[in-house]
Amino acid sequence: MKPVHDMGVAELAAALKSRALSSREATQALLDRVTAHQALGAFLHVDAEGALARADAADAQIAAGQAGALTGVPVAHKDIYVTADMPTTAGSKMLAGYRSPFDATVVARLNAAGTVSLGKLNCDEFAMGSANENSAYGPASNPWDVSRVPGGSSGGSAVAVAARLVPGVTGTDTGGSIRQPASFTGITGIKPTYGVCSRYGMIAFASSLDQAGPMARSAEDCALLLSAMSGFDERDATSVNQPPQDFHAQMLAAREGATAAQPLKGLRIGLPQEFFPAGLTADVDAAVRAGLAELEKLGATLVPVSLPRTELAIPVYYIIAPAEASSNLSRFDGVKFGHRADKYDDLLDMYKKTRAQGFGAEVKRRIMIGTYVLSHGYYDAYYLQAQKLRRMIADDFQQAFAQCDLIAGPVAPSVAWKHGAGKDDPTAAYLADIFTLPGSLAGLPGMSVPVGFGEGGLPVGLQLIGNYFKEGQLLHAAHALQQATDWHQRAPAGF
Ligand code: GLN
């Protein structure tokens, strides 16, 4: 049998079910690995004792013949999901020492499915960032090259999977935070259609954009996790009321007219010209084209399409997301949650000192931008204008989907950058979000799938975007690609 850390979610679940290994053994092996690789900064909290107790409960269920698809499989959660049995910080000093009285719905569902949570994963403060360097608890490092960032904001999640510390994790994606770190670390991640996963208990950044999703090594592993995480939740007013979905079955379902050699026969993949601009680095371009060539071999046809407002997605997102953040983050006032300044003169001074101490620089920057664009006199010029453009960006996708089934392109314009590279110019990282933001603004499902390596042997992800509720189609295409190639199985040297 392979070492535990070499097994993905599906493989490990099968080994547990056959009782070739117990969940306690798997959990202990991975806990040891988490300790050995602490320097990567993936975890903010490890709950060894709780994990072993959960593993024992899972082993009892397996012994009783009641194992589900995920029973006993170790996972870990981005520290933006509130958890009753572990602290939750959202990567912020503001929430140091905070304990939630309840579990986020996504966490509760994965617990109910029998997964064994090892702990909470590092992330950018309140999920604002693209490098995990905005975490108040220190950065996380990319296991492919520890002098590089893992991407963000779900950086700790990506590192945990890429370094084989845990086979599957949760992330969140507001403007690319599942797809971009997945791309930077050579793993697979999916952000479903807005509304497919409940946002209840997911600490809010930009509520009209925030969406939960799984990150793992393969599309198959993501499909298993997403089936357990998703579904209607009456506690989230934007949760889509549709019957529970079996994404694994959807992933496996054969296309009409498909053959064994050409499982993607007839699938039209649109390539937006705006996703292949002159400034795209040659290594990313080459890897993405290699992935597309594989999809063609599997029967897909590539068709040119256009998303003419792609560049506008950056200003539109960086108006709407801070606007919503400035409102959401007003709840951190020193009264209701977390940190409160030690010394202050009066109530106003308490608010000021608490927020000045508790929030990091990027969060403050966004609160200021958001407050500004929502203020009387600027609302029409910025916020309202951005909302109108958001609708037009979504309409552009519908025009494109008239000619294709899926859209493909790069996830990010480059491979993972060096630690500290974004320090002097906070807005430079905003520009690197160009390919993930349009789909986020439209609320569409998107994936990152490894398609090779660029500069310095660093991973490159192919982005696949589907129309609303086409997660099954996305996973099907990604799975077909992964059956034919092994990019997703490569591990960083030493891991
Ligand atoms: N990089 C983007 C930002 O900083 C996206 C973050 C996210 O998806 N949570 O806002």
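Which residue out of 474, 437 is touching a residue at least 24 places away in the same chain (Cβ under 8 Å), touching a helix residue (DSSP H, G or I) at 6+ places or on another chain (Cβ under 6 Å) and crowded, with 23+ Cβ neighbours inside 10 Å?
Every option except 437 fails the conditions.
Results for (1) within 15 Å of the ligand (Cβ to nearest atom); (2) out of contact with any helix residue (DSSP H, G or I) (no Cβ under 6 Å at 6 or more places or on another chain); (3) assigned to a helix (DSSP H, G or I), shown as yes or no for each residue.
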{"site": "349", "(1), (2), (3)": "no, yes, yes"}
{"site": "356", "(1), (2), (3)": "no, yes, yes"}
{"site": "371", "(1), (2), (3)": "no, no, yes"}
{"site": "381", "(1), (2), (3)": "no, yes, yes"}
{"site": "391", "(1), (2), (3)": "no, yes, yes"}
{"site": "398", "(1), (2), (3)": "no, yes, yes"}
{"site": "424", "(1), (2), (3)": "no, yes, no"}
{"site": "428", "(1), (2), (3)": "yes, yes, yes"}
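Scan the range 103-133 for residues that are closer than 20 Å to residue 211 by Cβ, open to solvent by 10 Å² or more (accessible area, probe 1.4 Å), part of a loop (DSSP other than H, G, I, E, B) and not small (Gly, Ala, Ser) and report the count.
1
When you scan the range 134-161, how many residues do you find that are out of contact with any strand residue (DSSP E or B) (no Cβ under 7 Å at 6 or more places or on another chain), within 13 Å of the ligand (Cβ to nearest atom) and of a type outside the set (S, T, N, Q)?
The qualifying residues number 3.
State the number of residues belonging to the range 289-310 that are in contact with a Gly (Cβ under 7 Å, 6 or more places away or on another chain), of a type in the set (Val, Ile, Thr) and closer than 26 Å to residue 486 by Cα.
Residues that pass the stated criteria total 1.
Would you check if residue 246 is open to solvent by 70 Å² or more (accessible area, probe 1.4 Å), under 27 Å from residue 216 (Cα atoms), more than 16 Å from the ligand (Cβ to nearest atom) and under 23 Å from the mean Cα position of the chain (by Cα)?
Yes.
Could you please find all residues in the range 64-102 being assigned to a helix (DSSP H, G or I) and either of a type outside the set (D, E, K, R) or open to solvent by less than 10 Å² (accessible area, probe 1.4 Å) (or both)?
Going residue by residue through the range 64-102, those that are assigned to a helix (DSSP H, G or I) are 93-95.
Selection gives 94, 95.
Out of curiosity, is residue 131 over 16 Å from the mean Cα position of the chain (by Cα) and either within 16 Å of the ligand (Cβ to nearest atom) or under 30 Å from residue 16 (Cα atoms) (or both)?
no
Go through (1) open to solvent by 60 Å² or more (accessible area, probe 1.4 Å); (2) at pLDDT below 95 one by one and return the number of the condition residue 344 breaks.
Only one criterion is unmet by residue 344, namely (2).
The values are calculated or read from the model by the stated rules, or taken from the named source; none is laboratory data. Nothing here was measured: the structure is a model prediction, and the numbers come from that model. Here Cβ is always computed from backbone atoms with ideal geometry, including for glycine, and neighbour counts include all displayed protein chains. These accessible areas exclude ligands, DNA and RNA; they are computed on the full protein's heavy atoms, side chains included. Shrake-Rupley method; radii C 1.70, N 1.55, O 1.52, S 1.80 Å.
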